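Engineer: After the structure tokens below, expect a handful of questions from me.
The values are calculated or read from the model by the stated rules, or taken from the named source; none is laboratory data. Please read all numbers here as calculations on a predicted model, not as lab measurements. When we count neighbours, we look across all protein chains shown, and the Cβ atoms used for this are built from the backbone with ideal geometry, even at glycine. Accessible surface areas use protein heavy atoms only, side chains included; no ligands, DNA or RNA. Shrake-Rupley method; radii C 1.70, N 1.55, O 1.52, S 1.80 Å.
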Amino acid sequence: MSEDLIIKHCSPTLAGIKTANLFNCPYSSRLECECDVRKLNKMFCKKGIKVLPLKFSNGKALIYIFRPSKLAVDLSDKYACKLLELQGYHSHDAARCIRELRHRLKDSDEFPHEIGLFLGYPPEDVRGFILHKGNCCKCSGCWKVYGNEEKAVKEFAKFKKCSDIYYSKWLQGTPIQKLTVACN
């Protein structure tokens, strides 16, 4: 699993300004991918980050890099809780919710749209996406916005700036461990 992919797709999470990111990672061997995930978890655990493969399919792994402490806060939001309940989740515990999400990804050809809650997207935007089937949004960037457009646009700019800075620093030789901020 290349650091290039992680830096390109997960810099806001590494910086501690976003709950989580997802990316597809090609692999030649599932065992090799799982070994890479274990190495990353060993490196990132002191920084408050966890790495999970959510799904393996057609030579690609869907990799979820997240901050468990931030995810627990996000999923405890009353609107997020209600939305998860409406989507059929039976617990508000982050670890249990992730297990349920993994099962849904594995067992369905459709992408579970509640995944936005696991990425730190505002619950009102996740709800809007589900209700409107991805149509009629106010704007889009990292996600489709149905709620506070001004706040979302600022977040998009912050995430892009972070990604640009991190990628530039990484290209200049700063190791990924030094770019990763420790957060609880």
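Engineer: Given (i) 9, 36, 41, 13, 0; (ii) 9, 35, 39, 16, 1; (iii) 8, 28, 37, 22, 5, 0, which label gives P(r) over Cα pairs in 10 Å bins from 0, in percent as computed from the coordinates?
Structural biologist: Matching entry in (i) 9, 36, 41, 13, 0; (ii) 9, 35, 39, 16, 1; (iii) 8, 28, 37, 22, 5, 0: (ii).
Engineer: Now for a separate question. Per 0.36 nm of contour for each residue apart, how much would the distance between Lys55 and Gln172 grow if the chain were fully extended, relative to their Cα-Cα spacing? Please list the in-between numbers first.
Structural biologist: On the way: separation 117, 0.36 × 117 = 42.12 nm, distance 3.24 nm.
Result: 38.9 nm gained on full extension.
Engineer: Report the full-extension gain for the segment Asn148 to Lys47: residue separation times 0.36 nm, less the Cα-Cα distance, to one decimal in nm. Could the numbers behind the result be given before it?
Structural biologist: Numbers: separation 101, 0.36 × 101 = 36.36 nm, distance 3.06 nm.
Using 0.36 nm per residue and subtracting the Cα-Cα distance, I get 33.3 nm.
Engineer: For a quick check of your reading of the filter: which GluC sites (Glu not before Pro) in the range 79-152 sit in a DSSP loop and have no more than 13 other Cβ atoms within 10 Å?
Structural biologist: Numbers: sites: Glu85, Glu100, Glu110, Glu114, Glu124, Glu149, Glu150; in loops: Glu110, Glu114.
In loop regions of the range 79-152 (DSSP not H, G, I, E or B), the sparsely surrounded GluC sites (Glu not before Pro) are Glu110.
Engineer: How much length, in nm to one decimal, is gained on full extension between Asp109 and Ser140, taken as 0.36 nm per residue of separation minus their Cα-Cα distance?
Structural biologist: On the way: separation 31, 0.36 × 31 = 11.16 nm, distance 2.40 nm.
Difference between extended and current length: 8.8 nm.
Engineer: Is there a pair in Lys8/Lys106; Lys82/Lys161; Lys39/Lys138; Lys78/Lys138; Lys138/Lys160 whose C-alpha atoms are over 30 Å apart, and which pairs would that be?
Structural biologist: On the way: Lys8/Lys106 25 Å; Lys82/Lys161 33 Å; Lys39/Lys138 40 Å; Lys78/Lys138 23 Å; Lys138/Lys160 19 Å.
Exceeds cut-off: Lys82/Lys161; Lys39/Lys138.
Engineer: Quickly work out the Gln87-to-Arg38 label distance, labels modelled 7 Å from Cα along the C-beta direction, and quote it in nm with one decimal.
Structural biologist: Going by the 7 Å Cα→Cβ label model, 3.1 nm.
Engineer: May I ask you to list the trypsin sites (Lys or Arg not before Pro) in the range 79-184 that are in a DSSP loop and have at most 14 other Cβ atoms within 10 Å of their Cβ? Walk me through the numbers on the way to the answer.
Structural biologist: Working: sites: Lys82, Arg96, Arg99, Arg102, Arg104, Lys106, Arg127, Lys133, Lys138, Lys144, Lys151, Lys154, Lys158, Lys160, Lys161, Lys169, Lys178; in loops: Lys133, Lys138.
Sparse-neighbourhood loop trypsin sites (Lys or Arg not before Pro): Lys133.
Engineer: Let me cross-check Thr174: its accessible surface, 1.4 Å probe, with only protein heavy atoms counted, in Å² to the nearest 10?
Structural biologist: Accessible area, nearest 10 Å²: 40 Å².
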